[in-house]
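Before any comments, here is the structure.
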There are 2 protein chains.
Amino acid sequence: MSDARRYAALPSPFPMKRGGELHGARVAYETWGTLAPGRDNAVLILTGLSPSAHVAASPEDPSPGWWEAMVGPGKAIDTDRWFVICVNSLGSDKGSTCPASIDPATGMPYRLRFPELSLEDVAHAAHVVVDQLGIARLACLIGCSMGGMSALAYMLLHPGSVRAHISVDTAPQAQPFAIAIRSLQREAIRLDPNWNGGNYDIHGVPAADGSAPGAPGRYPDMGMSIARKLGVITYRSAMEWNGRFARIRLDPEQREEQPFGVEFQVESYLQGHAERFVRTFDPNCYLYLSRASDWFDIAEYGAGSVSAGLKRIHIERAMVIGVSTDILFPLEQQEQIADGLRQAGAEVQFVALDSPQGHDAFLVDIDNYSRAIGGFLGAL
Amino acid sequence: MSDARRYAALPSPFPMKRGGELHGARVAYETWGTLAPGRDNAVLILTGLSPSAHVAASPEDPSPGWWEAMVGPGKAIDTDRWFVICVNSLGSDKGSTCPASIDPATGMPYRLRFPELSLEDVAHAAHVVVDQLGIARLACLIGCSMGGMSALAYMLLHPGSVRAHISVDTAPQAQPFAIAIRSLQREAIRLDPNWNGGNYDIHGVPAADGSAPGAPGRYPDMGMSIARKLGVITYRSAMEWNGRFARIRLDPEQREEQPFGVEFQVESYLQGHAERFVRTFDPNCYLYLSRASDWFDIAEYGAGSVSAGLKRIHIERAMVIGVSTDILFPLEQQEQIADGLRQAGAEVQFVALDSPQGHDAFLVDIDNYSRAIGGFLGAL
């Protein structure tokens, strides 16, 4: 399989915000386009909870990326002009050091011995990549969903490192509804007997490092499936599904035989999403990144005030985008970011869309997001 | 323990809409107030998925009911004037025949041998109670949440049996978002190994009637807990929780010791709800009633059109209430009911509230619901 990933070694030890440190850690990233001689055309993309660094196809890895329609030559994030970097979050299992990685101290996967992860750690690790590429200041930092929170941390903790910012479907802090959803996703995984306190099979290697070693083949499919389905429910919107699925039923031969099995199209849609996800994302990584999202709160840097926290971010320009149908990161939270960055002195565009797709609109409503993002970047 | 329940025997056999029949079945109900000599002051309340028939305290059972603030002497549903009946839904384990009941054919609990349940069956069973009380026509039929859907079925299937109707936080059909939520709740129960195909301990009696008998003590606590928490998340609203919980954390000594354990107040709130529910509602009953809610669709009676279905309901007056913060039964669905009943010739009041409590507002925002319901009933 082709692979376009490069790796940046993090300083060792790499201290973590909430205590503990990593040794010999790294983060995976990919790049597109060419860094200008003045090193002033770099655009960094920070991702949501589950995507890899593969935001778009490249000669080294021609498979479509997770934002393929947005990033490429002549596209909204135009790789003919910009040197685009996408970093796999620290703590994610798509190439970066994470709970599924080998702990050099033991030669075994970290599992729950991985130190507590915060989005500030994710931001610091991304900054290391940029620094190692010799880029003192990003032309633009783009953060989507969880990556939007990491981006706020990045700008606040690395003053002067960012000229412009695009904030996509995100929030300045986790609100209780989002915490409740994520907490329940984690609980579904934690209560799965096959999660086994984090000691399940990793990449086919049976757990053998805990007091309760996992049996071969042990993996929390059930918990991951429930977590993913709940995720998809909150990433989309009721409005979209009314139009898309209504009350359409599967053909009788497509239905599940068991009692209370899948009968409606919407159930089958969720099932498909879960099946594609369950074995492709490490459950412990999911737990760590999910909790990091709950913990994030820009108000920590503003004596308890979101706007005071945002006021410590100094950039020239920003665009903040959100959709009215997002139940996980409601539009009011994007407006808070826009207001806060404006008060901090940035020239801010706030783009409120009515896309029916909910939180995931940035991945689906390419027309509107392209127009906004392309327009903003084009004017830089 | 005091008990105010009475029981109405259903005709035997009692045929079910989707096939099969019950033998020797009954439904539990309670009453308050006095039936007038003209038998023209009866108000029937149909409940949501989990409540019992105990809507309010009475001399026989002085414990507070689930709508205590709304039903009683001088209250909005004034038992000095009205003879109030509340029926425990067929299929619920609060006294009515349900999957946890003994199947007379086997002497063992039905479990999954209970026939498929629809809200039309729930409506028919409630109508038997009213009929046996000698009431030809209800002064008012009130349905809350799932009970609102049962009420639509009641009025459509028993023409002339209802004079006025109050529809509370409900829908004329299940939409895909609600189906997705309920499907996931059912999946959490079904995937719990202790659910065991429905063969868990019922009331301390080990499962012994299936091909895979349950071990003593076997009960799907995990699945029920996840299902209930997801329920509570969708019964309330993000707006309410922002004000109520914000990002307040538990005191360190209240937090759970285990990794990723409860840390925020909102998580503890959900935990409390789950603990109170898990062992007080039979899991198979939950599955049956949940699926019945998905299946309900008034459009079945209108050649695929909701408004044509509603047009077949002939009553004199109706009040339809909903809240803008309800994500499970969105306000547009109450408006659909109001419009449909109006087109059918009823005089209809549509009350759209901005209560922050979401779907559960009818249980919490007593001021606004009292004013609306009391005003409507007072003018009858």
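The values are calculated or read from the model by the stated rules, or taken from the named source; none is laboratory data. As the structure is a computational prediction, the values presented were derived from the model and not from experiment. With ideal geometry, Cβ positions are generated from the backbone for all residues, glycine too; neighbour counts draw on all protein chains shown.
The residues of segment B:1-53 that are among the hydroxyl-bearing types (Ser, Thr, Tyr) and over 20 Å from B:Ala151 (Cβ atoms), listed by number, are B:Ser2, B:Tyr7, B:Ser12, B:Thr34. Residues that are more than 22 Å from B:Ser92 (Cα to Cα) and among the aromatic types (Phe, Trp, Tyr) within segment B:280-320 comprise just one, B:Tyr301. All of B:Ser12, B:Ser50, B:Ser63 fail the test of being part of a loop (DSSP other than H, G, I, E, B), of a type in the set (S, T, N, Q), modelled with pLDDT of 95 or more and surrounded by 20 or more Cβ atoms within 10 Å (Cβ to Cβ), apart from B:Ser50. In the list A:Ala136, A:Ala164, which residue meets the criterion of being away from chain B (no Cβ under 14 Å), in a strand (DSSP E or B) and surrounded by fewer than 23 Cβ atoms within 10 Å (Cβ to Cβ)? Going through A:Ala136, A:Ala164 in turn, the sole match is A:Ala164.
Tallying residues that are touching a residue at least 60 places away in the same chain (Cβ under 8 Å) and surrounded by fewer than 24 Cβ atoms within 10 Å (Cβ to Cβ) within segment B:33-47 yields 4. Give the residue that is farthest from B:Ala125 (Cα to Cα), with candidates limited to residues of segment B:14-28 that are touching a strand residue (DSSP E or B) at 6+ places or on another chain (Cβ under 9 Å) and among the small types (Gly, Ala, Ser). Checking each candidate, the answer is B:Gly24. State yes or no: is B:His158 without any contact (Cβ under 8 Å) to a residue 40 or more places away in the chain, farther than 25 Å from B:Phe281 by Cβ and either in contact with a His (Cβ under 6 Å, 6 or more places away or on another chain) or of a type in the set (Val, Ile, Thr) (or both)? Considered against the rule, which asks whether it is without any contact (Cβ under 8 Å) to a residue 40 or more places away in the chain, farther than 25 Å from B:Phe281 by Cβ and either in contact with a His (Cβ under 6 Å, 6 or more places away or on another chain) or of a type in the set (Val, Ile, Thr) (or both), B:His158 comes out as yes. Of the residues making up segment B:326-363, those that are among the hydrophobic types (A, V, I, L, M, F, W, C) and more than 20 Å from A:Ile327 (Cβ to Cβ) are B:Ile337, B:Ala338, B:Leu341, B:Ala344, B:Ala346, B:Val348, B:Phe350, B:Val351, B:Phe362, B:Leu363. So, in segment A:257-295, exactly how many residues are under 13 Å from the mean Cα position of the chain (by Cα), among the aromatic types (Phe, Trp, Tyr) and within 12 Å of chain B (Cβ to nearest Cβ)? The number of residues fulfilling the criteria is 2. Taken together, B:Asp121, B:Asp80 contain a single residue that is more than 18 Å from B:Gly197 (Cα to Cα) and in contact (Cβ under 8 Å) with a residue 60 or more places away in the chain, which is B:Asp121. State which residue is nearest to the other protein chains (Cβ to nearest Cβ) when the search covers only segment A:244-256 and only residues that are farther than 13 Å from B:Trp295 by Cα and under 32 Å from the mean Cα position of the chain (by Cα). For segment A:244-256, the residue satisfying everything is A:Phe245.
The test for being under 17 Å from B:Met16 (Cα atoms), within 14 Å of another protein chain (Cβ to nearest Cβ), in contact (Cβ under 8 Å) with a residue 24 or more places away in the chain and not small (Gly, Ala, Ser) does not hold for B:Leu184.
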